[in-house]
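Accompanying notes for the structure given below.
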Amino acid sequence: MVLAQYRAKQVDKRSAPKLYAMVERLANKANLPMPKVYIIDSPVPNAFATGRNPEHAAVAVNTALADMLTEDELEGVLAHELSHVKNRDILVSTIAATMAGAISTIAQWGMFLGGGRDENGESRNPIATILVMILAPLAAMLIQMGISRSREYMADKSGGEMCGNPDALADALLKIEAYAKRRVMPGATEATAHMFIINPFSGIDAKKLFSTHPTTAERVKLLREQA
């Protein structure tokens, strides 16, 4: 579904031999089934992985990413995305989003179905009721963001191990973020932002508090230490 949204085109050994061979080599190294490989025609570099499990996974990179990165940097990005596949992060993110939605719904319905009254049937403090309706969904969203950020750290670490060059992955992150700060990737949506290696909305200050990603500076610092 997300692949169709971004009009991703599947490639193979003949249509994209260099990219396909790189993914195949990393997948073998990580003992993963070969994922499907896609390319998105976009002037703003980024990449993501999708699929409910390693047997049904896909890795997508856009044309700008393949053009601007060195081979080592591109391999680092692909290793990061394959780490998401190996760690089943797509499934984890889906569960986290579902739970966050459930918490929000329960909080709202609880207030409407008697949650606003005490054991004697008298109305509770209306301000407290409103606060619960606002803060419960906010807390759920922050928990979801926290889970997403922790999975990014994990994918960076295991991606650095998989490609054998954490510095190259760090360099790639810096390059991708530099573009993301200047321009939002065409067609990017908030619903899919968590899937990308760098948040497509990195240049919008108002979104940083609720970002699905850790700061790139902190990610790069940890990768440099790993190297």
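The values are calculated or read from the model by the stated rules, or taken from the named source; none is laboratory data. Please read all numbers here as calculations on a predicted model, not as lab measurements. FYI the Cβ positions are ideal-geometry reconstructions off the backbone, even for glycines, and counts take in every protein chain you see. Heavy atoms of the whole protein, side chains included, go into the accessibility calculation; ligands, DNA and RNA do not. Shrake-Rupley method; radii C 1.70, N 1.55, O 1.52, S 1.80 Å.
Taking the residues in region 41-84 that are over 15 Å from Ser158 (Cβ atoms) and acidic (Asp, Glu) as candidates, determine which candidate is least open to solvent (accessible area, probe 1.4 Å). Going through the qualifying residues, I end up with Glu73. Among the residues of region 177-217, those identified as assigned to a helix (DSSP H, G or I), over 16 Å from the mean Cα position of the chain (by Cα) and either exposed (fewer than 13 other Cβ atoms within 10 Å of the Cβ) or modelled with pLDDT under 90 (or both) are Arg182, Asp205, Ala206, Ala217. The residues of region 47-61 that are closer than 22 Å to Tyr179 by Cβ and in contact with a helix residue (DSSP H, G or I) (Cβ under 6 Å, 6 or more places away or on another chain), listed by number, are Ala47, Phe48, Ala49, Thr50, Val59.
If you go through region 23-38 one residue at a time, do you hit one that is touching a residue at least 60 places away in the same chain (Cβ under 8 Å), of a type outside the set (A, V, I, L, M) and surrounded by fewer than 23 Cβ atoms within 10 Å (Cβ to Cβ)? Yes; the residues of region 23-38 include at least one that is touching a residue at least 60 places away in the same chain (Cβ under 8 Å), of a type outside the set (A, V, I, L, M) and surrounded by fewer than 23 Cβ atoms within 10 Å (Cβ to Cβ). Selection over region 134-176 of residues that are modelled with pLDDT under 80 and open to solvent by less than 10 Å² (accessible area, probe 1.4 Å) gives a count of 1. Pairing residues of region 144-167 that are closer than 15 Å to Ile197 by Cα and assigned to a helix (DSSP H, G or I) with residues that are modelled with pLDDT of 95 or more and open to solvent by 40 Å² or more (accessible area, probe 1.4 Å), at Cβ distances under 8 Å and at least 6 apart in sequence or on separate chains, gives Tyr153/Leu222; Asp156/Leu222; Lys157/Leu222; Lys157/Gln226; Gly160/Gln226; Pro166/Arg224; Pro166/Gln226. Taken over region 34-72, the criterion of being in a strand (DSSP E or B) and among the β-branched types (Val, Ile, Thr) is satisfied by Val37, Ile39, Ile40, Thr50, Val59, Val61.
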